[in-house]
Amino acid sequence: MKFGIGQPIRRKEDDRLVTGHGQYTDDIILPGQLYLHVLRSPHAHANILRCDVSAAKKAPGVVAVYTTAELNADKIPGMPCAVPPMQSRDGSQLVRPRRPVLADGVVRFVGDPVVAVVANTPVEARDAAELVEIDYETLPAVTDTAACRKPGAPQLFAEAKGNLALDWAFGDQAKSDAVFAQAAHVTKVELVQNRIVVNAIEPRAAIGDWDAVDQKLTFYAPTQGSHNHKGAFCMLFGLQPQQVRVVTPDVGGGFGMKGFLFAEQMLVVYCSRKLGKPVKWTGDRSESFLSDTQGRDNVTTAELAIDKNNKFIGFRVKTIANMGAYLSNYAPFIPTLAPLGVFGGVYDIGAKYFNVEVAFSNTVPVDAYRGAGRPEVCYIIERLVDVASRELKLDPLELRRQNFIRPDQFPYDNGTGQKFDSGEFARCMDDAAQMADWASFEVRRKSAAAKGKLRGIGLSYYVEITPGNPQEIAKIEFETDNTISVWVGTQSNGQGHDTTFAQIVAETLGIDFENINIRYGDTDRIKQGGGTGGSRSLYMAGNAIVQASDEVIKRGKDVASHALEAAAADIEFSEGSFSIAGTDRSIKLLDLVRQMREGTINGPKELMDKGLNEEQIFTRAAPTFPNGCHICEIEIDAETGVTEVVNYSVCDDFGKVINPMIVNGQVHGGIVQGLGQALMEDGVYDNDSGQLLAGSFMDYAMPRADNMPNFNLKMNEVLCRTNPLGVKGCGEAGTVGALAAAINAVVDALKPYGVLHVDMPATQQRLWQLVGRKRAAE
C-alpha cells in the first residue's frame, strides 16, 4: 500500500506548521477577551503579613484583582494531587498538604502565585501588578534534596514531619538483606539525578470562556490530553460533563509537563466565570522557569549483589525524591510506581528492594518529565553494572550478556507485577557494538591521547514500560468530500501523529494517504481519551484505529453485498475495494459510502441509516516494553574539561515500526534530552535564599545542534505479542537509554585517574576540577 505501514514518509503536518499556518493557544483571540497576569512570590519561604491591592484595582484598564481571600470565599478548592492512595512502610497514608491556587498566608517557592490581576491588555495587567504591596516575613528555606530530610531542616508543612510526604517501599527487605549477605561481591554507587527545567518551545497558555447563558465552559490550552482537564474542571468547579468543553489546538512540545493542571488554568476559568468574559493567560520564558513543573531531582544509594559466577542475585535502591514545595498532579507516582515495572532492567535478578522517601523542599514542584521514572531507574542499574564490570575487571558487554533475560524466558515475570512479552537483548547489544566499532575502541583511545584528549566509551541497555490510561478511542467519519476524519483520544504534541495514524488508516482501509485527516483535542467531538504520555499514543490509538477499521470493513461487506447483489459471505475487501470473490465486480469503499448517502443502495433501512462511521475503544492487554542498547563515545580535553560527543550508536527494539523516519526523529530528540541532562542541564538553586540560579537561558545550558554528533540508529523489529499491531512505544526511549551511556563514557574517559563515578551533569567545570584534583594528587 502506498504510504502504508513501514514506510518512511515525511510528516504531512509539517507544511502547515512551518509555513505559519498552525494555530496555538496564544493565536486564539476571542471577542471581549481579557488578560490575566499572575504576581508571584520573590521568596522561597515566607509568611504573607499584608497584601494591599487597592492601588492595582484603580490602575488603567484593570477589571479585577483577586487574592486567596476571594477564592476562599467562593469555595475554590486547592490544586489536586491525583495519585490514588499510597501508603508508607509504617502503614500511614501519603501526606497531601493543601495547595491553594493563590498563596494562602504562606509562600513556599520562588514563583508561588500570590495575586491575579485581570485587565484589558497584557501590559495593563502587568503594570497593575507592580502596584500591589505585599509585606513578607521571610522564613528559612531548604532546596537541596538530601538536606531537606536532615534533622533541623526548615519545615514546609506541620503535617509532614521531617518534610516527609511518603516513605514508600516495594519488595521483601529481609530477603534482600539475606541475599546481599551471601553475595560474593557487592557494588555500591551513590547517584544524583539533577533537576531539569522542561523548556518546551511553546510556553504554557490558557483561555477560559464561560457562557453564562448556556452555562458552559470552553477552555483552550496546550495540553497532553483534553479529557484529563475536562475531568478536573468538572470536579473542582462542580460542573457536569456537558457543561465543559476543552479544546487543545496545536501544541509546541509537552514532555510530560503539559499533562498537568496548573494554577493559571484554574484562574482563567475562575476569572471568566466571575467576569462573564473570556480570560487569557500566556506565560513568558521566565515564568516557565518559575512555574512549570520540573523533572527528576533525586538522590540515590544503590547496590548490586553478585555471586561467585558473576550472576546478579540482588538489587536494592534507596532514593530521596524531591517533590518541590507541593505535590503536583502525579508527582509521588513518578519516583515510585512509574519505574517499578522495569525495576531491575533487562537482567534476571531474583531479589529486589526499592525504598523511596518522597520529600518536600522550597523549590518548583516536580512531576513527570520525558521518561518519568524510567530514565532514573535505567540510569541506576546501568551505572551499577558498569561500575561492577570495572571492579570485577570484566568486559561490560559479557557481564551484561551473562545476566540478560534470555528469549526463551519470555513471557518473563520480573517480580514487580509486569511480564516482559518479548525481546532479544543480546542481539540488540551486539548490533549496537558492531555499529559503534566497540572492538577497535582502544585504538581510538590511544589516538586521542596523543592529542591530549581523554576518550571514553559507554554502554547502556534500557528497557522501558509504556503505561498510562489502559483505554483509548478512535472514531472514523466519512466526509462528503471523499476524505475521512479520524478522531482519536490521544493528543499530538509534535510527535507526528497526523502522519503515523494516517499510515495505519491507509493500510487498513486502502484510502489515499492525502485524503485522511487525523483529529484530536476537542472533548465535544470525541467522548473520552487518555492523552499522550508514557509513550502510549501509537500502541493505544493505533490499535483503536485498527479496531475501528475492522468494524468498518465488516459492516461494509454487508452493505456491499446489497450494492453488488451478492451474498455477504462472498464479499472480499482489499486495497480499498469490496469485490465478489472470483469475479471482477467490485466497488470502492468511498463510492459505497457515497451511494449510501445518496440512498441508491437497496438494502435494509437500519443498515443504511447506520452508515459506515465507526467508533471503537481499544483496551490494552498489557503495556509494551521497548528496549535497546545505546553506546556513547566522548572526548574530554584534559586541559579545559570541554567534552565532545564524537559518536553515538543505538539499536532499538520498538516492535513493528509504522514510520521509520518518525521513529528516528523521536529517538534523536530523546537522546538529545538525555545528553542534555547528563552533560549540561542543571536546575540549580541557592540553598540559602532558595532562588533558582539557573533561571534563564543565560544560566541554564540547553543542548544545541552543534553539541551533538550524527546518530547511528538501527531497529530490530521484535514484534510485541500483546497488541494486534505488534508495536511498542518509542517516544521516551531515547532519553531512557542516554543518561547512563553518557556517564559511563565519561567515567571510561577518566579511567587513567581511577574515577568510578561522576554525577550528572558532567559539565566542563566539573570535569576540569576533577581532572585537576586527580593530577594534583599524583
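Near Ala368, the amide H atoms lying under 5 Å from its own belong to Tyr330; only residues 5 or more places off or on other chains count, and H is placed 1.01 Å from N. When Rg and the Kirkwood Rh are both derived from Cα coordinates, the Rg/Rh ratio for region 270-349 amounts to 1.25. FRET efficiency for the Gln173 to Lys714 pair, using the beta carbon distance and R₀ = 56 Å, is estimated at 0.85. Can you give me the C-alpha center-to-center distance between region 625-656 and region 287-302, rounded to a whole angstrom? What the calculation gives is 24 Å, centre to centre. Amide H contacts of Leu139: His45, Ala46, Asn47, each under 5 Å away and 5 or more positions distant or on a separate chain (H built 1.01 Å from N in the peptide plane; Pro and chain starts excluded). Taking θ as phi - 60° and the Karplus parameters 6.51, -1.76 and 1.60, the scalar couplings of region 604-618 work out to x, 4, 4, 5, 5, 5, 5, x, 10, 4, 8, 10, 9, 10, 9 Hz in sequence order, x denoting glycine and proline.
Here the accessible area of region 313-453 is 54 percent carbon and sulfur, with a 1.4 angstrom probe and all protein chains present. Counted over all Cα-Cα pairs of region 118-168, pairs farther apart than 17 Å make up 57 percent.
For region 591-662, the Stokes-Einstein estimate of translational diffusion at 20 °C and a viscosity of 1.002 mPa s comes to 114 µm²/s, using the Kirkwood hydrodynamic radius over alpha-carbon pairs.
For region 127-159 and region 1-15, what is the separation of their C-alpha centers, rounded to whole Å? About 51 Å separates the Cα centre of region 127-159 from the one of region 1-15. Rolling a 1.4 Å probe over the protein heavy atoms of region 698-769, with every protein chain left in place, gives an accessible area that is 49 percent carbon and sulfur. The lysines whose alpha-carbon is closer than 26 Å to the alpha-carbon of Lys588, local same-chain residues fewer than 8 away aside, are Lys2, Lys12, Lys475, Lys554, Lys557, Lys605, Lys610. For region 655-758, the average shadow cast by the Cα convex hull is 10.2 nm², which is a quarter of the hull's surface. Please grab the % of Cα pairs in region 382-531 that end up more than 21 Å from each other. Considering region 382-531, 66 percent of its Cα-Cα pairs are separated by more than 21 Å. Distances between placed amide hydrogens fall under 5 Å for Val646 paired with Glu633, Ile634, Glu635, all partners being 5 or more residues away or on another chain.
The alpha carbons of region 157-228 give a radius of gyration and a Dmax of 24.2, 74 Å, in that order. The slack in the chain from Ala184 to Leu756, taken as 0.36 nm per residue of separation less the alpha-carbon distance, amounts to 203.9 nm. Probing with 1.4 Å while keeping every protein chain in the model, the per residue accessible area of region 84-179 equals 46 Å². Using the beta-carbon distance between Glu159 and Glu551 and R0 = 35 Å, what value does 1/(1 + (r/R0)^6) give for FRET efficiency, to the nearest 0.05? Calculated value: 0.10.
P(r) tail for region 297-423: Cα pairs beyond 20 Å make up 47% of the total. With θ taken as phi - 60° and the Karplus curve 6.51 cos²θ - 1.76 cosθ + 1.60 applied, the whole-hertz 3J(HN,Hα) list for region 432-446 is 5, 4, 5, 4, 7, 6, 4, 4, 9, 4, 4, 5, 5, 4, 5 Hz, x standing for glycine and proline. By the Kirkwood approach, averaging reciprocal distances over each pair of separate Cα atoms, region 237-282 gets a hydrodynamic radius of 12.4 Å. Heavy atoms of the protein chains alone define the surface here; on that basis region 19-58 has 52 Å² accessible area per residue at 1.4 Å probe size. Surface analysis of region 581-686 yields an accessible area of 38 Å² per residue, using protein heavy atoms and a 1.4 Å probe. Among the chymotrypsin sites (Phe, Trp or Tyr not before Pro) found in region 267-354, not one is both in a DSSP coil and sparsely packed, with 10 or fewer other Cβ atoms within 10 Å of its Cβ. For region 107-229, the alpha carbon convex hull comes to 263 Å³ per residue, rounded to a whole number. Calculated on the alpha-carbon coordinates, the convex hull of region 579-723 measures out at 293 cubic angstrom per residue. The stretch between Gln87 and Asp307, if pulled fully straight at 0.36 nm per residue, gains 75.9 nm over its current Cα-Cα span.
Each peptide in 733-746, 36-49 gets a packing score, the mean of other Cβ atoms within 10 Å over its residues, and the list from highest to lowest is 733-746, 36-49.
The convex hull drawn around the Cα atoms of the chain, when projected onto a plane and averaged over every direction, covers 36.8 nm². Can you classify region 573-620 as rounded, prolate or oblate using the Cα gyration tensor, where a ≥ b ≥ c are the square roots of its eigenvalues, rounded means a/c under 1.5, and otherwise it's prolate if a/b beats b/c and oblate if not? Oblate shape, in that a/c is at least 1.5 and b/c is the bigger or equal ratio.
Between Glu639 and Asp688, the FRET efficiency from the beta-carbon distance, with R0 = 35 Å, is close to 0.55. Taking the average, over residues, of other Cβ atoms within 10 Å as the packing measure, peptides 513-526, 386-399, 572-585 rank 513-526, 386-399, 572-585 from highest down. For the peptides 478-484, 643-649, residues were scored by their other Cβ atoms within 10 Å and the scores averaged per peptide; the highest-first order is 643-649, 478-484.
The values are calculated or read from the model by the stated rules, or taken from the named source; none is laboratory data. Given the structure is predicted, the values throughout are model-derived calculations rather than measurements. All Cβ positions, glycine included, derive from the backbone under ideal geometry; neighbour counts span all protein chains shown. Remember, those area values only see protein heavy atoms, side chains included, never the ligands or the DNA or RNA. Shrake-Rupley method; radii C 1.70, N 1.55, O 1.52, S 1.80 Å.
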